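Only one structure is covered here, and it is reproduced in the block below.
The values are calculated or read from the model by the stated rules, or taken from the named source; none is laboratory data. Because the structure is a prediction, the values reported are computed rather than measured. All Cβ positions, glycine included, derive from the backbone under ideal geometry; neighbour counts span all protein chains shown. Protein only, heavy atoms only, side chains kept; ligands, DNA and RNA dropped before computing areas. Shrake-Rupley method; radii C 1.70, N 1.55, O 1.52, S 1.80 Å.
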Amino acid sequence: MAVRLPILLNADFSEKTRLHPVAMSLSMKLRETSTAEITLDEQDADVVIHDWVEIYTPQGSAGLFRVTDISRSILRERVLTLRHGIDTLCDGVYKAQMDYEGTVSEFMGNIMAQQTVVRWQLGTCDDTSAYARQGINYDQLSSLLWALADEHNGYYLSYDFSTTPWTVNYLALPTEPACEFRLSRNVQTVGIDRNDDDLCTRLYLSVNTAVTGDDGITETQTELQIHNNTEAQAIYGIVEKTADIDTENVADVSAWVQRYMDDDAAPTIQISIDGYELAELTGD
């Protein structure tokens, strides 16, 4: 399988040199920052923190990644940790103390407008729903984006580095499968892992509310709530977790609880397959 070598870029994002990894791994994610790790021997090109590297897969460019960590092993190999270009949003903060209520696309546009260095613009936004968030208080732009993506199921982030500024799109996930795998029939490297790390059938929730009295003094009042998922308890028994939220950050506590309990009502299932076999079977 032919894959182009990663490219170390100049300040103007033109090619500086090709890197020759001893090892490389890439973790592509749809709703948070994708990451990569590249191991170089000591004879390879010099790389410094915040250099840019373009990484390739069999499908072509995986995008531009920024070097965020460099460590050296006892064998004198250098291990580079890189994060996808969207991670540049973590360089800026939302310069306001406010509550937000509007549409998803407007909120994403507001995030892009707060960038210290404007690298990103909003492209297509398929999510036309309303979005509300309380207690924005100089939050990192990246944390606001990931919170939005986490709260709205059925959508994912895609990126276009061919534009200036770069473009981020918020697209609806396809509903039709692109391919089918049958265990022990045509897939040899598939693995299935189940664990109960996030399983919760009973939640002890501390709800903190800031209350300002007539004397102008603000105090925090805490209410302990206990929530049970009886359907999940009938299957898995009582599995307890704790959580702590502030009403200034959570507009609808009941909706937050419902989503938490629904998301953690069953063990986590993770299915993995070797990338080489996936490419051989699908041609992708």
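222 nm [θ] for the chain, helices only, -39500 (n - 2.57) per DSSP H run of 4+, per residue, to 500? Before the final figure, lay out the partial values.
On the way: 5 runs with 47 residues, N = 284.
Only helices count here, giving -4500 deg cm²/dmol.
Put a dot 7 Å past each Cα toward the Cβ at Asp46 and Ala255; how far apart are the dots in nm?
With each label placed 7 Å out from Cα toward Cβ, I get 5.3 nm.
In debye, nearest 20, what is the charge dipole magnitude of the stretch 16-127 about its Cα centre with +1 on Lys and Arg Cβ and -1 on Asp and Glu Cβ, if you could check? Let's see the in-between values first.
Values: 11 positive and 17 negative charges, 58 e Å.
Computed charge dipole of the stretch 16-127: roughly 280 debye.
Between Phe13 and Leu281, what FRET efficiency follows from the Cβ-Cβ distance if R0 is 45 Å, with the result rounded to 0.05? Show your work: numbers first, answer last.
Details: r = 35 Å, r/R0 = 0.77.
Efficiency, rounded to the nearest 0.05: 0.85.
How much length, in nm to one decimal, is gained on full extension between Ile192 and Thr175, taken as 0.36 nm per residue of separation minus their Cα-Cα distance? Don't skip to the answer; put the middle values down first.
On the way: separation 17, 0.36 × 17 = 6.12 nm, distance 2.25 nm.
Gain on stretching Ile192 to Thr175: 3.9 nm.
Given 0.36 nm per residue, what is the gain on full extension from Gln134 to Arg72 after removing their alpha carbon distance, in nm?
Numbers: separation 62, 0.36 × 62 = 22.32 nm, distance 4.32 nm.
Gain on extension, Gln134 to Arg72, equals 18.0 nm.
Output the 0 to 90 degree angle, nearest 10, between the alpha-carbon long axis of helix 141-151 and the longest principal axis computed from the alpha carbons of the chain.
Helix 141-151 sits roughly 70 degrees off the main axis of the chain.
Round to the nearest 10 and give me the degree value, 0 to 90, for the angle of helix 104-113's Cα axis relative to the longest principal axis of the chain.
Around 60 degrees separate the two axes.
Over the chain, what percent of the accessible surface lies on carbon and sulfur atoms, probe 1.4 Å? The partial results should precede the final answer.
Working: 7780 of 16610 Å².
Taking all protein chains in place, the chain shows 47 percent carbon and sulfur surface.
Considering only protein heavy atoms, what per residue accessible area in square angstrom results for the chain with a 1.4 angstrom probe? Numbers along the way, then the final one.
Values: 16610 Å² over 284 residues.
Ligands and nucleic acids excluded, the result is 58 Å² per residue.
Just need the relative contact order of the chain here, percent rounded to a whole number, with Cα pairs under 8 Å and 6+ apart. Write down the numbers at each step before the final one.
Values: 515 pairs, mean separation 36.8, N = 284.
It rounds to 13 percent for the chain.
Tell me the label-point distance for the pair Thr222, Ala266, using the 7 Å Cα-to-Cβ offset, in nm and rounded to one decimal.
With each label point 7 Å from Cα toward Cβ, the separation is 3.5 nm.
Just need the relative contact order of the stretch 1-90 here, percent rounded to a whole number, with Cα pairs under 8 Å and 6+ apart. Don't jump to the answer; show the numbers that get you there.
Numbers: 181 pairs, mean separation 24.6, N = 90.
Relative CO of the stretch 1-90 lands at 27 percent.
Run the 1.4 Å probe and let me know the accessible area of Ile217, rounded to the nearest 10 Å².
100 Å²
On alpha carbon coordinates alone, what is the Rg over Rh value for the chain, Rh being the Kirkwood radius?
On the way: Rg = 22.7 Å, Rh = 22.3 Å.
That ratio equals 1.01.
May I ask you to derive the relative contact order of the stretch 27-183, considering only C-alpha pairs under 8 Å and at least 6 residues apart, and to give it as an integer percent?
Details: 277 pairs, mean separation 32.5, N = 157.
Normalised by residue count, the contact order of the stretch 27-183 is 21 percent.
Could you calculate the contour length gain from Thr81 to Glu240, that is, 0.36 nm times the residue separation minus the distance between their Cα atoms, to one decimal place in nm?
On the way: separation 159, 0.36 × 159 = 57.24 nm, distance 3.58 nm.
Full extension of this stretch gives 53.7 nm more.
Through the Karplus equation 6.51 cos²θ - 1.76 cosθ + 1.60, θ set to phi - 60°, convert the phi angles of the stretch 262-279 into ³J(HN,Hα) values in whole Hz; use x for Gly and Pro.
5, 5, 10, 7, 8, x, 6, 10, 10, 10, 10, 8, 4, x, 5, 5, 4, 5
I want to verify a result. In a Gaussian network model of the chain, Cα cutoff 10 Å, which of these has the top mean-square fluctuation: Asp91, Asp41, Asp214?
Fluctuation is largest for Asp214.
What does the charge dipole of the chain about its Cα centre add up to, to the nearest 20 debye, if the Cβ of each Lys and Arg holds +1 and the Cβ of each Asp and Glu holds -1?
Details: 19 positive and 46 negative charges, 189 e Å.
Taking the Cα centre of the chain as origin, the dipole is about 920 debye.
For Ser162, Ser272, Ser34, give me the order by solvent-accessible area with a 1.4 Å probe, most accessible first, ignoring ligands, DNA and RNA. All intermediate terms of the calculation are to be shown ahead of the outcome.
Values: Ser162 100, Ser272 60, Ser34 5 Å².
The most accessible residue leads, giving Ser162, Ser272, Ser34.
Taking amide H positions as placed 1.01 Å from N in the peptide plane, with prolines and chain starts having none, which residues 5 or more places from Leu64, or on another chain, fall under 5 Å of its amide H?
Residues meeting the amide H criterion: Gly85.
Assign unit charges at the C-beta atoms only (+1 for Lys and Arg, -1 for Asp and Glu), then state the dipole size of the stretch 191-284 relative to its Cα centre in Debye, rounded to the nearest 20. Mind dumping the intermediate values first?
Details: 4 positive and 21 negative charges, 74 e Å.
Approximately 360 debye in magnitude.
Write down the percent of antiparallel bridges among all DSSP beta bridges whose residues are both part of the chain, to the nearest 5. Don't jump to the answer; show the numbers that get you there.
Details: 58 of 70 bridges.
Roughly 85 percent of the DSSP beta bridges within the chain come out antiparallel.
Take Met28 and Ala147, extend 7 Å from each Cα along the Cα→Cβ direction, and tell me the distance between the two endpoints in nm.
Using points 7 Å along Cα→Cβ, the separation is 3.0 nm.
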